[in-house]
Each structure stands twice: as C-alpha cells, then as structure tokens.
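The values are calculated or read from the model by the stated rules, or taken from the named source; none is laboratory data. This structure is a prediction, so every number in the text was calculated from the model and none was measured. Note that each Cβ is placed from the backbone with ideal geometry, even for glycine, and that neighbours are counted across all protein chains shown. Heads up: the accessible areas ignore ligands, DNA and RNA and are worked out on the full protein's heavy atoms, side chains in. Shrake-Rupley method; radii C 1.70, N 1.55, O 1.52, S 1.80 Å.
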Amino acid sequence: MSEAMVEVRAVHKSYNGIEVLRGVDLTVARGEVTCLIGPSGSGKSTLLRCINHLEKHDAGELRVDGDLVGYEMRGGKLHERNDKQICAERARIGMVFQRFNLFQHLTVLENITIGQIKVKGVSPEAAKSKARELLARVGLENKESQYPSQISGGQQQRVAIARALAMEPKLMLFDEPTSALDPELVGEVLDVMKDLARSGMTMVVVTHEMNFAKEVANTVYFLDAGVIEESGDPREVLTAPKSERLRSFLSKVL
Amino acid sequence: MTMNGDAVKVVPVRHYGRWVAAGFALLIVAMLIHTLFSKLPTGHFACQVVNGVRKCHPDLTWRFSWTIVGQYFTTSEILHGLVRTLELTIFAMVVGIVLGMTLAIMRLSPNRVLSTAAWTYTWFFRGTPVLVQLLVWYNIAILYPVLSIGIPFTPSSWALVHITTTTLFSAFAAAVIAFGLNEAAYMSEIARAGLIAVDEGQVEAAISLGMTRRQSLRYVVLPQAMRVIVPPTGNEVISMLKTTSLAGFVGVVELLGAASNIYGGNYEIMPLLIVASLWYLIVTTILSIGQFYLERHFAKGALRSPPPTPTQRLRRDVRGILRKFRTQRGPLEAVR
C-alpha cells in the first residue's frame with residue numbers, strides 16, 4: 001500500500017501518426033491532488049484519458065493502485081484485459097468531463113443511481129439514499145427530480161461530480177471541469193472540488209485555473225508538446241518558473 | 001414608448017395575401033364536402049350490364065353511395081380482413097424493428113465483416129420491389145422443396161430434420177417474412193441515424209462509470225436514440241399498414257382483399273373501396289395519436305418543457321379566449 005496511486009512511466013500515444021504523448025513520467029501519491037497544466041494540444045487530456053483506459057496508450061507503463069491499466073503481465077508480455085476486467089477497473093476511477101456529459105434522459109437523481117444499480121448491483125433504495133447524501137454534499141438537495149437541461153452548467157457539473165463519487169472511487173480524474181462554464185459559475189464547482197481534496201480524495205485535475213492549482217494542488221505538472229516540461233510544488237513552479245516555455249505560458253493565462 | 005403618458009397602440013401588419021389564400025382554401029374544402037354528399041342527377045344512375053341483364057345502382061340518391069358503404073362497413077368479412085391486416089402489420093413490424101436494430105448495431109460495429117454484411121443486406125432488400133420479394137417468398141418451395149437442419153456443406157442425407165417447405169410457408173407466413181425482411185432494411189437506416197445522433201460524450205460517461213459496451217447501449221444510448229427513432233418509425237408503421245394490401249397478390253384475405261372479394265360478387269366497386277379506405281384512415285388516425293404520446297414519452301429531458309397534450313392545449317386556448325373576452329369588456333374591469 002506504500003506505492004503511489006498513479007504511476008506513469010515513459011508513456012507514448014499517437015493518433016494517425018501524430019505523437020501526442022512522447023514519453024511521459026508522472027507519479028500521484030495517495031490522497032494528493034495533482035494538477036496538469038499546459039497549452040491546448042499539449043496532451044494533458046489524452047494523458048488523463050489514458051489513466052482510465054478511455055484511450056489506449058501505445059507504449060510505456062501505466063499503473064493505478066499498483067495494477068497495470070488495461071493490461072496484465074503474463075510470461076513477459078502485456079496482454080490486453082477483456083472488457084469485463086477493464087470495466088471493473090474503470091468503476092473505481094471517477095471521471096468528470098469538460099462538457100459534463102450527464103445522461104440527458106435521466107433525472108438528476110437517476111444520473112447518480114444508475115451506475116450504482118447497474119454496475120455495482122446496489123439496491124435502488126440504497127442507491128437513492130446514497131445519491132441524496134451526495135446531492136446534499138454538493139449543495140443540490142432540491143434538484144433531484146430535474147432533468148440536466150433544466151439546471152445551470154455549474155449545477156450540472158456538481159451533479160456529474162456526485163455521479164462519479166457514487167461509485168466510491170479511489171481516484172478522481174477531472175478533465176477541464178470548469179472550462180465550459182460561465183465565469184460566475186466556476187467558483188461553485190471549484191468549491192466542491194476543494195472540499196473533496198480536503199476529505200483526502202486522490203485527484204488528477206487538468207485545469208486552466210492557476211489559482212486553484214496554487215491553493216489546492218500538492219504537485220503541478222506542466223505539459224508541452226507531449227512531454228513534461230516542468231513539475232513540482234505549485235507555489236514554486238507557478239511563481240518562479242524555470243523553463244522559458246512555462247514562463248511564456250503563464251504570462252498568457254495569468 | 002409613451003406619448004402624453006399613454007401607451008402607444010401597436011398595429012400589427014395586415015397579411016392580405018394570406019387572407020386571400022386562406023379564403024381560397026376554405027372554398028376548396030367547401031366544394032369537397034359538397035361533392036362528397038351530393039346526389040346523382042336523375043337519369044344518370046350508375047347502371048351496368050351483368051350477364052346480359054341491365055342492373056342499376058340500388059342507391060339512387062348519394063353520388064358516393066353512402067347507404068351501401070354503411071351496409072358493408074361492419075360486415076364480418078370486412079372485419080376479418082381488418083384483423084388480418086392488423087396482424088400482418090404487427091408481425092411484420094416486429095420482425096422489421098428487431099432485425100433493423102440488430103442490423104444498425106452491426107453496421108456501426110468496428111468489425112468490418114459485420115458492418116459490410118449489414119450494408120449488403122440493406123442494399124439488397126431496399127433495392128428490389130417489395131412485391132417481387134413477396135412473390136419470391138411465396139414461391140420459395142420452387143427453389144427449396146425441402147428444408148433440412150444439419151451441418152453446412154454436407155450432403156442433405158446427413159441432416160437430422162426435414163420439413164416440406166410448403167407446410168412452413170403459408171401465404172400469411174410468406175407475407176410476414178417478405179414485409180418484415182423488407183422493413184428491416186429501412187428500419188436499420190432509421191435506427192442507425194438515431195444511434196449516431198447520441199453524443200459520444202454520453203458513451204464515454206457511461207463507460208467511465210464502469211458500464212460495458214452493451215450496458216451503455218441499453219441504458220444510455222438507446223433510450224436517447226429513441227427520440228430520433230420513434231417519429232420515422234411511426235411513419236413506417238403507417239406505411240406498412242397500407243403495404244399489407246399487397247398480400248392479396250398471394251391470396252391472403254386482408255382488408256382490401258375482403259373488399260375486393262365482395263365487389264367481385266356484387267360489382268359495388270366504389271362503395272367497397274370507400275369502406276376499405278375508411279378503415280385504413282381510422283387505423284392510421286389511432287396510430288398517429290399513439291405516436292404523439294410515444295414521442296412525448298421519449299422526449300423526456302431533451303426539452304425543458306414537453307409539448308402540451310391536445311387536452312392541455314384546448315384548456316389553454318379556452319383560458320386565453322376567456323381572458324381576452326374579459327379584458328375587452330371595459331377598461332375599468334381590465335384594470336381590476
């Protein structure tokens with residue numbers, strides 16, 4: 001149990017011959033918050049999606065909680081796991097998307113119960129009471145019978161966080177969770193995330209919110225053109241960047 | 001904007017062209033109703049020579065012989081034909097929808113063999129007339145007099161079960177198979193459009209909750225695809241209802257077949273065609289109402305507020321008219 005929650009070693013990934021990740025190394029310790037920053041197209045979202053096997057990496061080693069993601073080692077070769085095993089792994093990794101991706105045909109409550117019922121086999125009553133508990137935690141007790149199209153973007157993203165938490169994940173991945181929100185709604189989502197970080201959840205967050213990174217993250221990684229350009233304590237990395245690239249990136253976003 | 005403290009009255013644009021067009025449409029409707037219930041001029045009664053005997057129309061009054069229509073409208077022959085038509089429609093649509101969904105999912109499969117097989121099926125069954133397909137299935141015994149269940153590519157003497165094809169393929173069964181397989185080709189395209197219309201992010205969200213491909217299809221993609229699939233499927237049901245009249249070609253006595261059997265005996269061609277048409281219209285109307293509520297059900301979550309049902313709309317309109325009426329009574333009451 002002493003090992004890290006996420007371990008990424010020399011991971012490569014290319015789409016149609018274009019290398020998006022060119023040998024990335026990254027470690028996320030248990031209970032810590034890691035922020036991935038970088039210009040668009042730098043590969044940070046791809047890296048995040050590789051961690052729960054939404055994308056398959058081409059080369060390198062990627063471990064979550066000590067297990068190789070999507071593969072197992074047998075006889076010196078990596079064998080791709082079957083769908084069932086991959087799904088069981090994914091169920092323990094929560095994911096929050098930039099575009100919320102709430103199930104449009106289900107109410108807020110049903111969005112949070114469906115995974116518990118269909119994947120974990122929880123009884124509908126238990127799933128509902130857990131969902132109500134989580135809705136209270138993200139401050140949306142009175143929205144349970146609304147449909148996603150009837151609530152604001154910030155509220156939708158908070159429901160999406162509750163939906164992921166309902167699966168009792170050991171790791172939460174956030175893919176630019178506030179980028180699609182109106183500026184005045186960003187705060188309510190970040191507050192929920194800060195609260196989650198304080199409760200000891202291991203989190204990997206792709207973000208452009210430098211203040212959030214500074215305040216909450218234990219480690220920040222700066223990706224550029226598919227490699228980690230700089231990493232370390234956010235107060236040092238973000239206030240006194242060593243590389244020229246990070247300096248010019250920060251001058252654009254801050 | 002105010003003048004001397006009073007609200008300035010707004011005068012909407014008058015659409016004179018529209019009013020003329022609407023008046024013209026009303027005129028045509030009036031003429032149609034008039035001719036439907038007109039009477040034949042004396043001396044022009046429809047008469048025919050049957051077996052050398054001059055036989056005149058017994059319904060001497062209505063041009064559209066409504067009396068005879070009424071007489072045959074609910075005879076047991078017509079009603080039996082109607083039941084056959086409904087059976088054919090239901091069975092053929094069930095085959096079409098189930099097979100069509102399967103073909104659509106195959107078509108979207110990453111496996112090229114599956115997607116090509118589905119494409120070829122659609123190409124073939126959409127590319128030949130449904131009447132030809134019906135005749136082929138009805139006469140399939142010419143090609144395969146005996147059907148056997150056994151191991152592929154081995155002599156038929158090895159097979160375990162033999163069935164004479166004609167016992168399996170009654171006219172009714174041939175019609176269900178022909179219409180169902182033909183429908184599947186169209187349904188597969190409709191279902192595919194529905195599946196494609198669901199945002200990719202929905203699948204990603206389902207998968208990251210730990211759902212399998214099958215679960216995400218069943219619980220997330222299909223329910224949302226239904227919103228796109230239901231309206232054209234309603235069209236297909238209505239179209240199928242009328243296509244089943246082709247089954248008369250292979251001797252299935254459905255609604256039109258029953259009508260033609262009757263007029264073959266008494267030569268009341270027009271009244272019986274009207275009887276059949278009226279029944280088709282009645283069933284189509286019922287199906288359209290069903291479609292409205294089905295669409296409303298599957299629109300859940302897609303619209304901020306669902307469209308009103310006809311009763312809700314009526315109530316709202318009545319309320320609106322009443323309110324207008326009340327405010328017109330006088331400025332004093334309107335202020336109150």
Computed from the beta carbon distance with a Förster radius of 30 Å, FRET efficiency for B:Y267 and B:T166 to the nearest 0.05 stands at 0.30
Toward the positive end of the charge dipole of the protein assembly as shown, about the Cα centre and with charges on Cβ (Lys, Arg +1; Asp, Glu -1), which of B:P223, B:P155, A:L171 goes farthest?
B:P223
Computed on protein heavy atoms with a 1.4 Å probe, what is the summed buried accessible area for the chain pair A and B, in Å² to the nearest 100?
2100
Sorted by chain and number, the residues with a modelled amide H under 5 Å from that of A:R30, at a separation of 5 or more or across chains, are A:M5
Value of relative contact order over chain A, rounded to a whole percent, pairs C-alpha under 8 Å and six or more apart
26
Averaged across A:146-158, how many Cβ atoms of other chains sit within 10 Å of each residue's Cβ atom?
1
Give me the accessible area per residue for the stretch A:55-166, probe 1.4 Å, as a whole number in Å².
44
Residues of chain B: accessible area per residue at 1.4 Å, in Å²?
64
Output wanted: per-residue J couplings in Hz (rounded whole) for the stretch A:71-82, from phi through Karplus 6.51 cos²θ - 1.76 cosθ + 1.60, θ = phi - 60°, x for Gly and Pro.
9, 9, 8, 9, x, x, 10, 8, 9, 5, 6, 7
Accessible carbon and sulfur surface of the stretch A:1-100 relative to its total accessible area, %, 1.4 Å:
45
Can you give the relative contact order of chain B as a percent, counting alpha carbon pairs under 8 Å and 6+ residues apart?
19
Residue farthest toward the positive end of the dipole of the stretch A:40-169, with Cβ of Lys/Arg at +1 and Asp/Glu at -1: which of A:C87, A:G115, A:Q156?
A:Q156
Can you list residues from other chains, or at least 5 along the same chain, whose modelled amide H is less than 5 Å from the amide H of A:L171?
A:G94
For the stretch A:94-217, what does the relative contact order come out to in percent, with C-alpha contacts under 8 Å and a separation of six or more?
33
Ignoring any ligand, DNA or RNA, what whole percent of the accessible area of the stretch A:142-254 comes from carbon and sulfur when the probe is 1.4 angstrom?
43
Output ³J(HN,Hα) for the stretch B:123-135: one whole-Hz value per residue in order, computed from phi by the Karplus curve 6.51 cos²θ - 1.76 cosθ + 1.60 with θ = phi - 60°, and x for Gly and Pro.
4, 6, 6, 8, x, 10, x, 5, 5, 4, 4, 4, 5
Got a sec? Charge dipole of the protein assembly as shown, +1 on Cβ for Lys and Arg, -1 for Asp and Glu; which of A:V28, A:A180, A:T239 is way out at the positive end?
A:A180
Descending packing, highest mean Cβ count within 10 Å first, for A:218-224, B:149-155 is A:218-224, B:149-155
Cα centre as origin, Lys/Arg/Asp/Glu Cβ charges: the stretch B:252-319 dipole, Debye:
760
Net charge, A:K170 excluded, C-beta distance under 10 Å - Lys, Arg +1, Asp, Glu -1:
0
Give the long-range amide H neighbours of A:V20: residues separated by 5 or more places, or on another chain, with amide H under 5 Å away, using H modelled in the peptide plane at 1.01 Å from N.
A:K13, A:S14, A:Y15
Through the Karplus equation 6.51 cos²θ - 1.76 cosθ + 1.60, θ set to phi - 60°, convert the phi angles of the stretch A:218-232 into ³J(HN,Hα) values in whole Hz; use x for Gly and Pro.
8, 9, 10, 10, 9, 9, 8, 6, x, 10, 7, 8, 7, 8, x
Calculate the dipole size of chain B relative to its Cα centre from +1 charges on Lys and Arg beta carbons and -1 charges on Asp and Glu beta carbons; express the result in debye to the nearest 20.
1520
So between B:K9 and B:T309, what do we pick up on full extension, going 0.36 nm a residue minus the alpha carbon distance?
104.6 nm
Just which residues of the stretch B:269-303 lose 30 Å² or more accessible area with every protein chain there, against their chain alone, with the probe set to 1.4 Å?
B:K300, B:G301
Any idea what the dipole of the protein assembly as shown comes to, in debye rounded to 20, about its Cα centre with Lys/Arg Cβ at +1 and Asp/Glu Cβ at -1?
1880
Hey, with R₀ at 41 Å, roughly what FRET efficiency would B:S38 and B:V136 work out to, going by the Cβ-Cβ distance, to 0.05?
0.35
Stretchable slack from B:I286 to B:A22, in nm (0.36 nm times residue separation minus alpha-carbon distance):
92.2 nm
Any chance you could check the stretch A:60-94 for residues losing 30 Å² or more of accessible area when the partner protein chains are in, compared with the chain on its own (1.4 Å probe)?
A:C87, A:R90
Violating pairs (Cα-Cα greater than 27 angstrom) within the set A:K143/A:K252; B:K9/B:K324; A:K143/B:K324; A:K118/A:K170; A:K128/A:K170
A:K143/A:K252; A:K143/B:K324
